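A quick write-up on the structure given underneath.
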Amino acid sequence: MVVVGSLNLDVVVRTERLPLPGETLLATSIQRTGGGKGANQAVAAARAGSTETSFIGAVGADTDGEELLDGLTREGIDVSGVRRCDDQPTGIALITVDARAENTIVVAAGANSAVELAYADLERLRNADVVLAQLEIPQRVVAQAAAARRPGAVFVLNAAPAAPLLPELMAQVDVVVVNEHEAVELAQRPDLGDAVHRLLDDVPAVLVTLGPQGARLLRRDAPDLPVAAPGVVASDTVAAGDTFCGVYAAGLSRGIDERTSLERACAAASLAVQRPGAQASIPTAAEVDDQVRAVYEAGPSSR
C-alpha cells in the first residue's frame, strides 16, 4: 500500500488543563517526536503488518527532516518517494495535551505544502492495492495520487483536517474516514445522520469514527457495519485517529474482511490512547492481535 501525506515534527507539551485565550501556563513535560497524519498512518500500517508500505511526501533539507525519515525507515517504510525541499522547513505541529487527554494542535505545514508527484511516484501508485491519504498536503496532489491508482485499487481518504473537498478529489474516493465533527463540517449538515447520508450521495462508503463508541461503516449498497470499541481509560488521544486509519487500510491491503479490519482498527486505537505521544503510542501487530482476542473473540462482556 502507499500512503500519501504529511510529515511533521511533533512538539508535545502536557498541562493540567488547556490554556484560555491570552493565558500562559507552565507545562509539566515536553516531548519531540515524529508525527504528521500521513507519517503516523504509515507507521500504523507498517506495524499492523501491511505487506509493504511506501510513503510519498516532503520534508525540509534540515536535521528535523532527516530525523523523521530515519524513523520511518526503521519501521520498514519505503521513503524513496519523500522529496527534500531546500526552500521550505520540515513541518511542525505544536500540541498541548491536558490531564483529561484533551488536546489542541497547531500545524505549520512547511514542506508539506510543497508535495509534488514525480514519475516514480506515479509508478508506485499504479502498483498499489490500497492508497491512503489525508488533507495536510494540497488537495490537488491527493487527487492526482488517487487518479493514478490502477483499476480495482482502493482509495481511502481520511478527510482531516476537515475542509471542503475539490470535486476531482471527491470523485476518486472509495471510502472516506471522518469523525463526527469532520462529517458534519464536510457535509455542511448539523446532524451526524443527515451528514452521513449527504456524503453517501458523493462517495460509496463513509466510515465514521466515534471515539469510545467505536466506529460505523455506512455504504450505499450494503447494510451498516457498526463495531464497538474496547473499554479503556484514555490518557492521550493525539494519534488515535491516525492509528485507526493506518490499521484499517493495512487490513484492506492484506485482503482481510471489513468487520475484522474494523475490529483491528478499533483495537489498535484503544491501545494508542493509553500511551503518550503520536508514533510512540502506535501498537504492533502482536499487540493488536492480543487486544482483538481479548475483546472481540471473548464476547460482548469484555467491551
field: Residue count, the range 244-272 (criterion: surrounded by fewer than 17 Cβ atoms within 10 Å (Cβ to Cβ) and either under 27 Å from D98 (Cα atoms) or aromatic (F, W, Y) (or both))
entry: 0
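Quickly run through the range 207-232 and pick out the residues that are in contact (Cβ under 8 Å) with a residue 12 or more places away in the chain and either under 27 Å from N8 (Cα atoms) or of a type in the set (G, A, S) (or both). Please lay out each step first, then the result.
Pass one, the range 207-232, residues in contact (Cβ under 8 Å) with a residue 12 or more places away in the chain: 207-215, 217-221, 225-232.
Listed by number, the residues that qualify are L207, V208, T209, L210, G211, P212, G214, A215, A228, A229, G231.
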message: If I ask for residues that are under 18 Å from L225 (Cα atoms) and basic (K, R), which ones from the range 248-272 would you list?
response: R259, R264
task: Could you tell me which residue of the range 273-303 is nearest to G231 (Cα to Cα), considering only residues that are open to solvent by 30 Å² or more (accessible area, probe 1.4 Å), in contact (Cβ under 8 Å) with a residue 40 or more places away in the chain and not in a helix (DSSP H, G or I)?
output: R303
- prompt: So which pairs qualify, if the first residue must be in the range 74-100 and in contact (Cβ under 8 Å) with a residue 24 or more places away in the chain and under 12 Å from D10 (Cα atoms), the second must be open to solvent by 70 Å² or more (accessible area, probe 1.4 Å) and among the hydroxyl-bearing types (S, T, Y), the Cβ gap must be under 9 Å, and the two must be at least 6 apart or on different chains?
  reply: T90/T63
- line: Filtering the range 120-145 for residues that are surrounded by fewer than 24 Cβ atoms within 10 Å (Cβ to Cβ), among the charged types (D, E, K, R) and within 18 Å of the chain's Cα centre (by Cα) leaves a count of 1
- line: Scanning the range 277-293 residue by residue, those within 13 Å of V43 (Cα to Cα), of a type in the set (A, V, I, L, M) and at pLDDT 95 or above turn out to be I282, A285
field: Close pairs from the range 167-183: first among the hydrophobic types (A, V, I, L, M, F, W, C), partner in a strand (DSSP E or B) and surrounded by fewer than 21 Cβ atoms within 10 Å (Cβ to Cβ), Cβ under 8 Å, at least 6 apart
entry: V175/V154
field: strands (runs of 3 or more DSSP E) wholly inside the range 154-218 that include at least 3 residues being surrounded by fewer than 18 Cβ atoms within 10 Å (Cβ to Cβ), of a type in the set (A, V, I, L, M, F, W, C) and over 18 Å from the mean Cα position of the chain (by Cα)
entry: none
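The values are calculated or read from the model by the stated rules, or taken from the named source; none is laboratory data. No experiment lies behind these values; they were computed from the predicted model shown. Please note: Cβ atoms are built from the backbone with ideal geometry, for glycine as well, and neighbour counts cover all protein chains shown. Surface areas here come from the heavy atoms of the whole protein model, side chains and all, with no ligands, DNA or RNA. Shrake-Rupley method; radii C 1.70, N 1.55, O 1.52, S 1.80 Å.
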